[in-house]
Amino acid sequence: MSSPAVPAATPPSTGRPPRRVAGGLLDPRQLVRSLPDALRKLDPRVMLHNPVMFVVEVGAALTALSAIRTPGVFAWVITVWLWLTALFANLAEAVAEGRGKAQAAALRRAKTTTTARRLTDWRPGATDPAEEEVPGTALRLGDHVVVEAGQLIPGDGDVVEGIASVDESAITGESAPVIRESGGDRSAVTGGTKVLSDRIVVEITAKPGETFIDRMIALVEGAARQRTPNEIALNILLASLTIIFLIAVVTLQPFAVFAGAEQTLVILVALVVALIPTTIGALLPAIGIAGMDRLVQRNVLAMSGRAVEAAGDVNTLLLDKTGTITLGNRQAAAFLPVPGVSVEELADAAQLSSIADETPEGRSIVVLAKEQYALRGRSEGELDGAAFVPFTAQSRMSGVDLDDPRERRSLRKGAATAVMRWVRDNGGHPTADVGQLVDGIAASGGTPLVVGQVTRRGGASDARVLGVVHLKDVVKEGMRDRFDQLRRMGIRTVMITGDNPLTAHAIAQEAGVDDFLAEAAPEDKMALIRREQEGGKLVAMTGDGTNDAPALAQADVGVAMNTGTSAAKEAGNMVDLDSNPTKLIEIVEIGKQLLITRGALTTFSIANDVAKYFAIIPAMFASVHPGLDRLNIMRLHSPASAITSAIVFNALIIVALIPLALRGVRYRPSSASELLGRNIWLYGLGGLVLPFLGIKLLDLLIQFIPGLR
Amino acid sequence: MGDTAAGWLQAAVLVAALALSHRPLGGALAHVLTTDRHWRIERLVYRAGGVNGDADQRWPAYLRSLLAFSFMSTLFLYAFLRLQDHLLLSLGRKPVPADLAFNTAASFVTNTNWQAYAGEATMGHLVQMAGLAVQNFVSAAVGIAVVATLIRGFTRKRTDRVGNFWVDLTRLVLRVLLPISFVFAVVLVAAGVIQNFHGAHAVATLAGGRQNLPGGPVASQETIKLLGTNGGGFFSANSAHPFENPSGLTNLIEIYLLLVIPFSLPRTFGAMVGDVRQGYAVVTVMVLLWAASVVLVTANELYRVSSPAGHAAGAMAEGKETRFGIWSSALFAVSTTLTSCGAVNSAHDSYTPGGGGMTIFNMMLGEIAPGGTGSGLYGILILAVVAVFVAGLMVGRTPEYLGKKLRGQEMRYASLYILTTPALVLVGAGLAMAFPGERAAMLNPGPHGFSEVLYALTSAANNNGSAFAGLSADTVWYNTGLGVVMLLGRFLPMVFVLALAGSLAGQQPVPVTAGTLPTHRPQFIGLLTGVILIVVGLTYFPALALGPLAEGLR
């Protein structure tokens, strides 16, 4: 895929650059390799599925018969090029399918037969269940198998016991191992992937032959391909245009006979083929296949083409806050001291008390202190007589006790209530200023961490609060632009978060989403989707947990994360192998691009007809009505060369547009009016003008062929 | 005042008058088609007909009512024509021959009003008034009723009901067509159109010859002929006859009448869908096409006469009434061929190849700019559906028009609609040209003769009803063939429109967002105009090349 469809702003949250496949450039060897397939598709029973190209094939057969009966250079040249037209159409489809086949072959390699170690009487907590060896294909739903380091997982399932690192590169192309563990939302494992460490027990959730890899193979090969609703609608329009042009040409013969210019079968067939929308008719299947393929290249598997189309229509995007809109963790943003304490003092205390805090929040405090106040990070061994108090979920504080000969100083940093209690327990009285600071931060959507200090000198002790650290969610870079783009495309974004409404509001403001759903339970998500759909809107969402499954099923586009549970993957109609929720935006763009490509090539195809008329009609009738030669504005050399040029152009343009069909037209997120304006100019006007040039150029060559002068 | 100034002035007056009536008439029609209130007289009609005026029909039921009504109308009119010698006010006219009676019945029921007969020589007064004029009213109402269902398809949601045919028909006749016709009949009488029950008066002319002056209830039929875009004249000469159209003033009124409902219906559309801008967009496309055609035909007739000698001798006035001159004739010709009206005040056969070709092309557009009463609007809305489909894809969404998605089912009906008329025109003309016997009906050889046949079929299939002249169409073959083409050209598209309306009405509308293709901006107006011209141009270009183009390009 060339770059424009992948805005650079995509933050690669999985920590690696997105895998790029050179999908846009058509390798000429691919054309040659797909040739046998293309020839096989000339079978009329196959061609019948594509009414436009079927007419071309019938026409080619008719001209062939005619050329056999009354041979001539012209008749044979037209015959050959009509067959080529049909062949090129098949070639487009075969090339598009060929790319899928290559991917399918890679997947098949992962699908080697494995031996499974089935546990016959596994129960949760069972210590030493009986084990038997069976072929992987003999596994049934609900079986339990044990897999240890170095072994292949024999089938799709959920981890029910243990934790292991798994190499999923066979499916995702990602070489870094992932962690799979029982319980939670990272329990799903895929057959054919390899356990690298530890031991897990897997409950099988898919029958042999219906596993994820099997489905992937079927999808990328196009075996499961069904026409999508929009493709059907467009096919109907193209079929009716084809019928109109058939009628226009068939009825032309009696008119021509009356005019004294009876036309040969070859010319009439040539006119029909030139007029019917062959360009879009030939490329339509390839566009659909390539659309799915573009998703696969981004490591997204769409279970149906319908889902890809729906993605283009999406009105509302539901995005989880964490990981999608914000980086996973909160980070320290500011030190707010109470009156009488300097910022430096607070920063120093906060840093000292965070040294033993290995949580991301704690580390971010150390980083902030270093960056803003040049306080060098100090490590644990550096300070004499320091006893570090690590953060625990119970105490909700971390800190340090510094035993100086002169005074004993304790610092604590943590949740406001915890630290304030600690100060009070040590005889201090936090002032109202602290409460104000804490409330202020909470109101702005941040999380306050209070820093307290207790100093003991001799018998006297002094406990007080030094200040507050402002922790906040950090919105990923570029998200605001992204949401602005989506808004221009007419898509509303809703942030889903478990935070309280205050925090949610602040983050929503900062990220620039249109709306948010705070303290969201799975039922709330479901209700929101239903509500949007009632109003006729299409909703897209991502999800990974089992409790996301109902919402994923309800959403029009439900993208399940590959790391998620198998329930979620079953429920969604797409799976993102990279488990990158931001990709939803790209999926929407690919859906739109697919439709735009169809529309653009349809427009192009129809606009082409104008030039073809100006080539063929004077060629047919200028002999009896010399005035019609004035329509020969391209000044084509002779009737034979004019008709041949039009047919050759018609065939070559299909090949020329195969790369565009596979790559998709350029798509830049913008409003409907801007998009339409751009595409009409490019493909409407371009489609009008280009064939005039093309036919003229071809005519300049063809006029030298003996027999076509 | 010179011809040119007068020509511009009358065009300006016409446009101003149409612009002034656009809002009130369009709004009134919207009210008539949406209100819950019945008039007392309407309730009587419903009771007499056993109709529940408050129950809406599903589209198949609506269609059945419409077809049954039209079938009975055809049968009734056919019997009327066959039996006219037994009826009052027959003026001693003979029964109309079977093939001509079929042709005429089909013609008036389909709002075509192709006339293979001469009114003053064939029809008695009662047939004209109670047979033909009645169909002028109801066939116009049927057209508006059908477009009403299509608009309801866009406005209603999740329902299978598209309206009640009998209610729509009754209201349109009683509340709209009758009152306007009455007022303008009086105006026309005041301006010199005759209205009496006399037969022919024989008078001695100044030159000493004898002439039969026909009489009849002309004014009452004249208004609905134009208002309902019917076009069937009382006299054979139609609006060129001085008793139908005596002066430049009546000529202007007649043009106004034939344009006023089709040009107001987009307002009805805008009002009913709750966004008048949608109506303005549609009417703008209509106006653009109409104005361009007026300019082209007028210029052709003024400047494109074949030779300087012909110019000097006034050859461009051939076939045109000296009362009206070129400007008024061209204005009338364009308006009548673009509205499916088919009334004529000049012989289109005598136009220059360019001007005459334009009148054919006008009809080939599918009678949509502004088109017939009702049929014009549904025709352009179907083309808008096609335009939105292609353009909608180019903005990256499943195409939607006014919030309704255009899926396979909708595109099937729209495609069948745009397929029907060209198929009828081309297959019909192909057959006519294939039989040597039927070719003999042409009065001219070469491309001009072919244009005459093409015109006849185009006129019948598009329910226009005007004739190029120059074709002896009162033969069994043409009467039957054109009758069948008129019926198919009228009712097949209606089937598809109603089916589309039903399919749209069942949908839940999609909310409008920035990603929705706006269908009220200049961009869409240009797009729709382009789609219309290209689709029509591509369909008919070969046929036109052998007719008007072959004749015109020398």
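Where a number appears in this text, it was derived from the coordinates with a stated rule and is not lab data. Being a predicted model, the structure only gives us computed values, none of them experimental. Glycine gets a Cβ as well: all are built from the backbone with ideal geometry, and neighbour counts include every protein chain shown.
Worth pointing out:
- Average other protein chain Cβ within 10 Å of Cβ, residues B:503-516: 5
- Amide H within-cut-off set for A:Gly467, under 5 Å, with H built and near neighbours excluded: A:Val338, A:Val451
- At least 24 Å along the helix axis (C-alpha) and Kyte average at least 1.0, DSSP helices within chain A: A:51-69, A:229-250, A:278-297, A:639-663
- MRE, 222 nm, helices only [DSSP H, n ≥ 4, -39500 (n - 2.57), over chain A, to nearest 500]: -15500 deg cm²/dmol
- Set of aspartates and glutamates with alpha-carbon distance to B:Lys225 below 14 Å, sequence-local pairs under 8 removed: B:Glu244, B:Glu254
- Exposure proxy order (Cβ contacts within 10 Å, fewest to most) of B:Tyr540, B:Tyr303, A:Tyr667, B:Tyr417: B:Tyr303, A:Tyr667, B:Tyr540, B:Tyr417
- For the stretch A:502-574, the relative contact order is 23 percent, taking Cα pairs closer than 8 Å that sit 6 or more residues apart in sequence and dividing their mean separation by the residue count.
- When you restrict to C-alpha pairs under 8 Å that are six or more residues apart and normalise by the size of chain B, the relative contact order lands at 20 percent.
- At least 24 Å along the helix axis (C-alpha) and Kyte average at least -1.0, DSSP helices within chain B: B:3-34, B:59-82, B:133-155, B:248-273, B:276-303, B:375-394, B:408-434, B:476-505, B:522-544
- Gyration tensor (alpha-carbon) shape descriptor, the stretch B:476-554, a/c threshold 1.5: oblate
- Per residue of chain B, the DSSP helices (runs of n ≥ 4 H) give a summed -39500 (n - 2.57) that works out to -20500 deg cm²/dmol at 222 nm.
- Rounded Å value of the spacing that divides the Cα centres of the stretch B:83-116 and the stretch B:431-459: 24
- Here the contact order of chain A, divided by its residue count and restricted to Cα pairs under 8 Å and six or more residues apart, works out to 15 percent.
- Pairs from A:Lys370/A:Lys472; A:Lys321/B:Lys405; A:Lys569/B:Lys404; A:Lys472/A:Lys525 whose Cα-Cα separation, in the structure shown, is over 21 Å: A:Lys321/B:Lys405; A:Lys569/B:Lys404; A:Lys472/A:Lys525
- Other residues with beta-carbon under 11 Å from the beta-carbon of A:Ile276 carry, at +1 per Lys or Arg and -1 per Asp or Glu, a net charge of 0.
- The HN-Hα couplings worked out from phi for the stretch A:566-573 by the Karplus form 6.51 cos²θ - 1.76 cosθ + 1.60 (θ = phi - 60°) are 5, 4, 5, 5, 5, 6, x, 9 Hz, whole numbers, x standing for Gly and Pro.
- Interchain or long-range residues, amide H under 5 Å from A:Asp556's placed H: A:Val539
- Dipole magnitude (debye, nearest 20) for the stretch A:426-523, charges at Cβ of Lys, Arg, Asp, Glu: 360
- When each of A:Asp348, A:Asp548, A:Asp293 is scored by the number of other beta-carbon atoms lying within 10 Å, the sequence from fewest to most is A:Asp348, A:Asp293, A:Asp548.
- Per-residue Cβ neighbour counts within 10 Å put B:Trp290, B:Trp39 in the sequence B:Trp39, B:Trp290, beginning with the fewest.
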